[in-house]
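Before any comments, here is the structure.
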Amino acid sequence: MKTSLAVEFQDTRTGEEAEALIGKCVHCGFCNATCPTYQLLGDEMDGPRGRIYLMKQMFEGERQSLDKIQFHLDRCLTCRNCETTCPSGVQYAKILELGRATLSSKTRRGGFETLFRSMIAAMLRQPRFFKLMSTMAGWVKPLAPKIIRKKIPVARKPALDWPDQKSPRTMIALSGCAQGALAPDTNRAAAQVLSRYGISMIEVPAAGCCGAVDLHTTNEHKGIEVARKLIDVWTPHLDGIEAFVMTASGCGVTIREYPHLFRHDSEYLEKATRIAEKTLDLSEIIEREIDGKPKSPDRGKKVAFHAPCTLQHGQKLPGRIEKILEWSGYDVVPVKDGNLCCGSAGTYSLLQPAISSRLRQNKLNALYESAPDLVCTANIGCQMHLSDPGKPVHHWIELLL
């Protein structure tokens, strides 16, 4: 697809990147077949092909329809299912990143929406503040209207202990923004499982958000600033550890793409690249450690696994956790449309609640169709989004305890 750049984008870094990325799209439309919002809404402009065309128009100088372009880009989940499907290798997420950043410099959101987005990011990017707020939320949740009660996140107390760890093999885990407060046993469970293989897993207390939250709310500059802080905290540990282990796939895909995020930052690019190269999803480590070991006895339980988009489409790691669970003695049942997003998508469930709720219900119907004993996933956002009172969704590593 040829893009005739407007004068303002000619001979600019943004224009050159946009032209190269959009140029790979052949407008075949295969992407629409696996796009959750296109399937749900049936609007060409709510599919990857239509959104690419809208961004192409913008880079060619379209000024009359910027609000319309923003409306349709905001409804994109950034699930990247289209990238998995695309036969031409179009890097849709990078086009979207350029499009959203360009739009943010040319349009202004309403005052309430701007404030709401800023509040979400400010609360989530500070783990201690988020934990305090989610603890207080537990006090008022019973008094809240029923319609919003289940959407209020509540901090939990850990039930597991960190194992005694004295192994020379050391890995660093990220507590993350929400996971440390809402699912504090996830990293503890991971540490206990890894200790069986002679690996000590630790957290660095000063490590905060990876930057994903601000990137979700289209504040790229703040996202880069937050990511720099994490890089500064982790860089001194680079030579003394085996890996940075990600127990939340949303953080994992963000950190693994630090080289792209810092591609224009000569001061941080090398450090960002080294950290990205040492970053592994927890499933990659467990898969490697169990390689060649005998399968565990049958546990007699059926498990439905929801594969987060950030794991299967973002990091391109499909099927690994299902194999680990089968090796661990579980009967992993197939999930219809397992490639589709659950509607969580970072902050999407807060910013686009109507679409998110419909996708959530579709996913829950698919997950429980085979009447599993347990449902699990690999990302805190999906875990909280899909959980219901009496029907919790677990992190898969807890099933290996």
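The values are calculated or read from the model by the stated rules, or taken from the named source; none is laboratory data. Keep in mind the model is a prediction, meaning the values are calculated, not measured. FYI the Cβ positions are ideal-geometry reconstructions off the backbone, even for glycines, and counts take in every protein chain you see.
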Exercise. Restricting the search to region 384-401, which residues are touching a residue at least 24 places away in the same chain (Cβ under 8 Å) and either more than 11 Å from residue 305 (Cα to Cα) or of a type in the set (D, E, K, R) (or both)?
Worked result: 384, 385, 386, 388, 389, 397, 398, 399, 400, 401
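Report yes if residue 206 is part of a loop (DSSP other than H, G, I, E, B), not basic (Lys, Arg) and not assigned by TED's automatic domain parsing to the domain that holds residue 73, otherwise no. Quick ask: steps written out before the conclusion?
Working: part of a loop (DSSP other than H, G, I, E, B): yes; not basic (Lys, Arg): yes; not assigned by TED's automatic domain parsing to the domain that holds residue 73: yes.
Yes, satisfied.
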For this session: Quick one: count up the residues across region 242-282 that are assigned to a helix (DSSP H, G or I) and of a type in the set (Lys, Arg).
Result: 3
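Give me the residue from region 340-372 that is part of a helix (DSSP H, G or I) and among the charged types (D, E, K, R) and, out of that set, surrounded by the fewest Cβ atoms within 10 Å (Cβ to Cβ). Full working, then the answer.
Taking region 340-372 first, the residues part of a helix (DSSP H, G or I) are 348-351, 353-367.
Cutting the leftovers down to among the charged types (D, E, K, R) gives us 358, 360, 363.
Numbers: 358: 15, 360: 20, 363: 24.
Only one residue tops the list, namely 358.
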